[in-house]
Ligand SMILES: [Zn+2]
Ligand SMILES: [Zn+2]
C-alpha cells in the first residue's frame, strides 16, 4: 500500500465518524516567535485543547507536515527523520477513550489489515498522584488484545502534559495518560545491549511506535489532579512509520516516500544503498525536508529557518557532491553549487595540513560539514591516520551542546513559563540595555533571578543609583514599551553572534550555534540584543509598566536592583 492511500483512508475513516477534515497548519511559523517550525499535529491545536472554541467543530482530523530538529544527529538509522507527516484526530470535549481506542484499532486492523498478533499497546501504570489507566486496559482487552500484548509504563513514557510529569505540572495545567500502539518486526532480533528482555519501548528496533492516543482528562489544582469536566482526545501517528508497518519492513526508507529518490541516487552515483545506508538515509530525509521548506517559501540563509535549510542542503551535499545533477529545484541547486565552492576550499585546507588531529577533523566537520568518513579516506590517501577517539570526544561534547540548545530553542512554544514571568524576563532585557545606555558598557549581568512577583538583577556598580539615574533608566524602559517594538530572534553561529554586538552573560558557556533575541525591527539597530533561549513577549507593549522598586549594595562592588510590573500605562 502506498503512503498516499494510507493518508486518504485515514482521513475518510474519521470523516465517516463525524470528523471535519481541517487543513494542516503552515510548516513555517512566522507569527510565533518561540518556535521555527510546526513540529507535531498537536501543536497548532493546543489553544483548542486548552478550551478555546474551534471554528470547525469538536471532531477534527488532518495530516500535518512537521519538522523536528532535536533528532538531526540521529538521522541515518532506520526510523529517525527531521521531516515527517503526522496523522491526527481530535475530540475537543466530545468522545473519549471508549470511542477512540476501538476506532483506531479498527482503522489499523480492518482498513490497513495490520495483523493483530503484530500489534502491542501500552497504558499508564499510575503513580502516587494518579491512578492506573484501567479504563484503557479494559477497552483493549474487550477488543481482543491479549494480556501479553498490553504493557504498562510510568510517567516518563505514558503521561502527557506541556510541563512534563504530574508533579511538575503547575496549578491550572492540563494533562493525562496516553496509550501507544507498537508494531513488532519479528525479523529484527533483540540485542542484549538494550536490556535482558525485549518490550515495546525497547530501543533495539524490534518494536516501532506507530501511534499514540493522548487522553487529556485532568487539571492540576491546589488539591492535586482533578478530573476535567470536558475531556479531550489527541491522536498522532507517523505516516512514514505506519506505511513501514504495512510493508512489514522496519526500514522506513524502503517506503514509497523515500525509495524513488534513493534509487535515482543509486543510478547517478553507482553506489548501493545497502553498502551506504546512513548516507543514503540522510540524503533522502534532508532532500525531502529541504523541498518542503523551499515550498513553504524558505530561502537558504544565515538566520532562523533559512539557516536550518542551508544546514540540511550542506549536509546532504557533503555525502553526495554530485546530487545537483538529479535535483531540478533551482533554490536547492543554486545553494549546492555555492556550497561546492566552499567545500573545495576545505579540501585545499586539508591539503595544507601535515597532521590531522581528531580536533582538526572535528573542525572540518563543523565548518565545512565534512563527514568523518570522507576525512578519514583522504588521509589515508596521504598516508595519515585520524585520531578517531579524539574526534568522537569532540563530537559528543558538540552533540550534548546542540541537544541542550535545541531543547531551549525548539521546544515548540510549549514551554512551562507563566505569562508574568515571560513579561518580567523580557523587561530584564530592557533593563540591562537601558542601564548600559545610562551608566556605560561596564554594566554586565552578574546575576539574575526571576519569580512571579519581581525580577532581581546584579551588576558591577560601587554605589547606589541616584534618583535621577533611576528615573532615566525607568523612562527609557517604559518608552520602549510604549513604542510597542517587536521582540525577534535570529539563530546563528556563535562567532557571528558576537560580531553583532549582542550581550552575553559574563561567565556562561554557549553552544556553537546560538539564539540572539533583539528588541526592534532589525538586529543591527535593535534597542537590546542578547544571547538568550527565550521565551519572550512578542511585542513590548505586552509587558505593562516597569518600576525599579528597590536597590541594595551586595558587596564585591555589586549593586542589586529589583524590577516589578504594574498594569498602569
Ligand atoms: Zn529489544
Ligand atoms: Zn531572554
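Considering every residue within the range 250-258, establish whether at least one is more than 27 Å from the chain's Cα centre (by Cα) and without any contact (Cβ under 8 Å) to a residue 40 or more places away in the chain.
No; the residues of the range 250-258 include none that is more than 27 Å from the chain's Cα centre (by Cα) and without any contact (Cβ under 8 Å) to a residue 40 or more places away in the chain.
Which numbered condition trips up residue 513, out of (1) more than 30 Å from residue 363 (Cβ to Cβ); (2) more than 15 Å from ligand 2 (Cβ to nearest atom); (3) touching a residue at least 60 places away in the same chain (Cβ under 8 Å)?
The single condition residue 513 does not satisfy is (1).
If I filter the range 138-154 for residues that are under 30 Å from residue 5 (Cα atoms), surrounded by fewer than 17 Cβ atoms within 10 Å (Cβ to Cβ) and within 16 Å of ligand 1 (Cβ to nearest atom), do I get at least one hit?
Keep residues of the range 138-154 that are under 30 Å from residue 5 (Cα atoms), which gives 139-146, 149-150.
Subsequent filtering for residues that are surrounded by fewer than 17 Cβ atoms within 10 Å (Cβ to Cβ) retains 141-144, 146.
With within 16 Å of ligand 1 (Cβ to nearest atom) added as a condition, the list becomes none.
The answer is no; no qualifying residue exists.
Any idea which of (1) within 14 Å of the chain's Cα centre (by Cα); (2) crowded, with 18+ Cβ neighbours inside 10 Å is the one residue 59 doesn't satisfy?
With respect to (1) within 14 Å of the chain's Cα centre (by Cα); (2) crowded, with 18+ Cβ neighbours inside 10 Å, residue 59 is out only on (1).
When the range 168-192 is examined, which residues are found to be surrounded by 14 or more Cβ atoms within 10 Å (Cβ to Cβ), within 13 Å of ligand 1 (Cβ to nearest atom) and touching a residue at least 60 places away in the same chain (Cβ under 8 Å)?
Selection gives 182, 184, 185, 188.
This table checks each residue for (1) assigned by TED's automatic domain parsing to the domain that holds residue 541; (2) within 16 Å of ligand 1 (Cβ to nearest atom); (3) modelled with pLDDT of 90 or more; (4) over 22 Å from the mean Cα position of the chain (by Cα).
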residue	(1), (2), (3), (4)
393	no, no, no, yes
402	no, no, no, no
408	no, no, no, no
414	no, no, no, no
433	yes, no, yes, yes
441	yes, no, no, yes
447	yes, no, no, yes
451	yes, no, no, yes
467	yes, no, yes, yes
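Which residues, counting only those in the range 103-140, are in a helix (DSSP H, G or I) and either modelled with pLDDT under 95 or in contact with a helix residue (DSSP H, G or I) (Cβ under 7 Å, 6 or more places away or on another chain) (or both)?
Within the range 103-140, 107, 109, 111, 116, 135, 136, 139, 140 meet the criteria.
Which one is farthest from ligand 1 (Cβ to nearest atom) among residues in the range 501-528 that are touching a helix residue (DSSP H, G or I) at 6+ places or on another chain (Cβ under 8 Å) and at pLDDT 85 or above?
The qualifying residue farthest from ligand 1 (Cβ to nearest atom) is 527.
Among the listed residues 108, 114, 101, 87, identify the single one that is under 30 Å from residue 28 (Cβ atoms), buried (at least 16 other Cβ atoms within 10 Å of the Cβ) and assigned by TED's automatic domain parsing to the domain that holds residue 188.
87
Go through the range 42-64 and give me each residue that's assigned to a strand (DSSP E or B) and in contact with a helix residue (DSSP H, G or I) (Cβ under 6 Å, 6 or more places away or on another chain).
61, 63 - these are the residues of the range 42-64 that are assigned to a strand (DSSP E or B) and in contact with a helix residue (DSSP H, G or I) (Cβ under 6 Å, 6 or more places away or on another chain).
Looking at the structure I just gave you, is residue 228 away from ligand 2 (no atom under 16 Å from the Cβ) and in the same structural domain as residue 92 (by TED's automatic domain parsing)?
When the stated conditions are applied, residue 228 passes them.
Yes/no per residue for (1) free of Cβ contacts under 8 Å to residues at least 60 places away in the same chain; (2) closer than 13 Å to residue 40 by Cα:
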| position | (1), (2) |
| --- | --- |
| 57 | yes, no |
| 63 | no, yes |
| 78 | no, no |
| 92 | no, no |
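Would you say residue 262 is away from ligand 2 (no atom under 16 Å from the Cβ) and modelled with pLDDT of 95 or more?
Yes.
Go through the range 198-230 and give me each residue that's within 11 Å of ligand 1 (Cβ to nearest atom) and surrounded by 15 or more Cβ atoms within 10 Å (Cβ to Cβ).
Restricting attention to the range 198-230, the residues satisfying the condition of being within 11 Å of ligand 1 (Cβ to nearest atom) are 198-207.
Hits for the range 198-230 are 198, 199, 200, 201, 202, 204, 205, 206, 207.
Of the conditions (1) within 20 Å of residue 564 (Cα to Cα); (2) surrounded by 19 or more Cβ atoms within 10 Å (Cβ to Cβ); (3) touching a helix residue (DSSP H, G or I) at 6+ places or on another chain (Cβ under 6 Å); (4) modelled with pLDDT of 85 or more, residue 472 clears all except one; give me its number.
Only one criterion in (1) within 20 Å of residue 564 (Cα to Cα); (2) surrounded by 19 or more Cβ atoms within 10 Å (Cβ to Cβ); (3) touching a helix residue (DSSP H, G or I) at 6+ places or on another chain (Cβ under 6 Å); (4) modelled with pLDDT of 85 or more is unmet by residue 472, namely (2).
Residues in the range 141-158: is at least one part of a strand (DSSP E or B), within 19 Å of residue 46 (Cα to Cα) and in the same structural domain as residue 98 (by TED's automatic domain parsing)?
no
In the range 289-307, which residues are crowded, with 19+ Cβ neighbours inside 10 Å and modelled with pLDDT of 85 or more?
289, 290, 292, 293, 298, 300
Looking at this structure, is residue 4 at pLDDT 90 or above and on the phi < 0 side of the Ramachandran plot?
Judged against the criteria, residue 4 is a match.
Among the residues of the range 523-551, which ones are away from ligand 2 (no atom under 16 Å from the Cβ) and in contact (Cβ under 8 Å) with a residue 24 or more places away in the chain?
Listed by number, the residues that qualify are 524, 541, 544, 545, 547, 548, 549, 551.
The values are calculated or read from the model by the stated rules, or taken from the named source; none is laboratory data. As the structure is a prediction and not an experimental result, all values here were calculated from the model. Backbone-built Cβ (ideal geometry, glycine too); neighbour counts: all protein chains shown.
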